[in-house]
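Notes to accompany the following structure.
The values are calculated or read from the model by the stated rules, or taken from the named source; none is laboratory data. Model, not experiment: these values are computed from the prediction. So basically every Cβ, Gly included, is an ideal-geometry build from the backbone, and we count neighbours across all protein chains shown.
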Amino acid sequence: MWQALRNELHPRGFELVTVGLDTLGAAGCRAFIEAARPAHPSLIDRHHVLADLFGVINIPSSVWIDETGMIVRPAEAAPAPPRAPGSPPGFAPPADLPQRMREIMAEAAKIRRDTAAYHAALRDWVEHGAASRFALAPDEVVARSRPRDADRARGHAHFALASQLEIDGHHAAAIAHFREAHRLVPESWTFRRQAWSLEKVGDGPLARFWQGPDPARPGAWPYAGDWLADVRASGAENYNAPWRP
């Protein structure tokens, strides 16, 4: 869907750069990138540097940058483009999908997505550039950006250390630093989801999406929360901040 949007808008000066935030690197992102067959730059960020520099706390998110390199909209939820009429259907869950995965999909379906408003704004910006009412002035970009206090700076440092420990094969040592990153940056779903996805439960393509305690190993889950429990606690409608013009 993003590739189709890029192909449509690219002749008008628009370029899309996608970045996969995944400590596993190519092992975690390759299948999705190859399935999308992107013609645009498609990058992998193993240390979540993008989240650190641009204030990304959830995915999918976008940052709008103009042709001069100026940010005109800071990180915000970026719903995928609507499917074109006649396009192939989306993912159909298998009949034997575990109950937990069914519950995860049910909660995910409740997440707020301002698809029509977001993509109308994006197209307006591509068409009108700096004259678009959706291109924010620098002071508004700063006002909407997420401030970084000392605790959050330390949280990002813990996450970077945890990522490197994971890359170097020290999974048990990484857990303590992931937990501290979660405590210090509680609003970051990217930090939580990354750590949870490394606790593999079962086999198959959905193993990384389980992101919760393993029924076969009671008491082995090393984190205070998990995706399903945390989304239910905060409310799926609060998973993303509402989009603002």
> Which residues, taken from the stretch 177-204, are touching a residue at least 60 places away in the same chain (Cβ under 8 Å), part of a loop (DSSP other than H, G, I, E, B) and not aliphatic (A, V, I, L, M)?
Replying inline: E187, S188
>> Could you list, ordered by first residue, the pairs with Cβ atoms under 8 Å in which the first is in the stretch 110-123 and within 20 Å of P74 (Cβ to Cβ) and the second is part of a loop (DSSP other than H, G, I, E, B) and among the small types (G, A, S), at least 6 apart or interchain?
In response: T115/A80; Y118/A78; A121/S132
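On the given criteria, is E34 assigned to a loop (DSSP other than H, G, I, E, B), in the same structural domain as A117 (by TED's automatic domain parsing), of a type in the set (D, E) and loosely packed, with under 12 Cβ neighbours inside 10 Å?
no
Scan the stretch 25-50 residue by residue and report those that are farther than 19 Å from A195 by Cβ and hydrophobic (A, V, I, L, M, F, W, C). Steps first, answer last, please.
Our first condition is that a residue be farther than 19 Å from A195 by Cβ; within the stretch 25-50, this holds for 26, 30-43.
Answer for the stretch 25-50, where residues must be farther than 19 Å from A195 by Cβ and hydrophobic (A, V, I, L, M, F, W, C): A26, A31, F32, I33, A35, A36, A39, L43.
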> For residues in the stretch 188-213 being within 20 Å of the chain's Cα centre (by Cα) and exposed (fewer than 15 other Cβ atoms within 10 Å of the Cβ), which is modelled with the lowest pLDDT?
Replying inline: P205
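Residue by residue through the stretch 163-176, note down the ones that are assigned to a helix (DSSP H, G or I) and either exposed (fewer than 14 other Cβ atoms within 10 Å of the Cβ) or without any contact (Cβ under 8 Å) to a residue 40 or more places away in the chain (or both). Talk me through it step by step, then tell me what you get.
Applying the first criterion (assigned to a helix (DSSP H, G or I)) to the stretch 163-176 yields 163-167, 171-176.
Correct list: L165, H171, A172, A173, A174, A176.
Out of the residues in the stretch 1-24 that are without any contact (Cβ under 8 Å) to a residue 60 or more places away in the chain and in a loop (DSSP other than H, G, I, E, B), state the one that is farthest from K200 (Cα to Cα).
Going through the stretch 1-24, the residues without any contact (Cβ under 8 Å) to a residue 60 or more places away in the chain turn out to be 3, 6-8, 10-11, 15-20.
Right, trim to in a loop (DSSP other than H, G, I, E, B) and you get 15-17.
Values: E15: 35, L16: 31, V17: 29 Å.
Taking the candidates together, the pick is E15.
Which members of the stretch 111-144 meet the condition of being part of a loop (DSSP other than H, G, I, E, B) and surrounded by 12 or more Cβ atoms within 10 Å (Cβ to Cβ)? Steps first, please.
Kept after step one, since they are part of a loop (DSSP other than H, G, I, E, B), are these residues of the stretch 111-144: 111-114, 132-137.
Result: I111, R112, R113, D114, S132, F134, A135, L136.
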> Only one of these conditions is not met by R244: (1) within 21 Å of the chain's Cα centre (by Cα); (2) part of a loop (DSSP other than H, G, I, E, B); (3) closer than 17 Å to L24 by Cβ; (4) among the charged types (D, E, K, R). Which number is it?
Replying inline: (3)
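Scan the stretch 81-88 and tell me whether some residue there is modelled with pLDDT under 95 and either on the phi > 0 side of the Ramachandran plot or surrounded by 14 or more Cβ atoms within 10 Å (Cβ to Cβ) (or both).
yes
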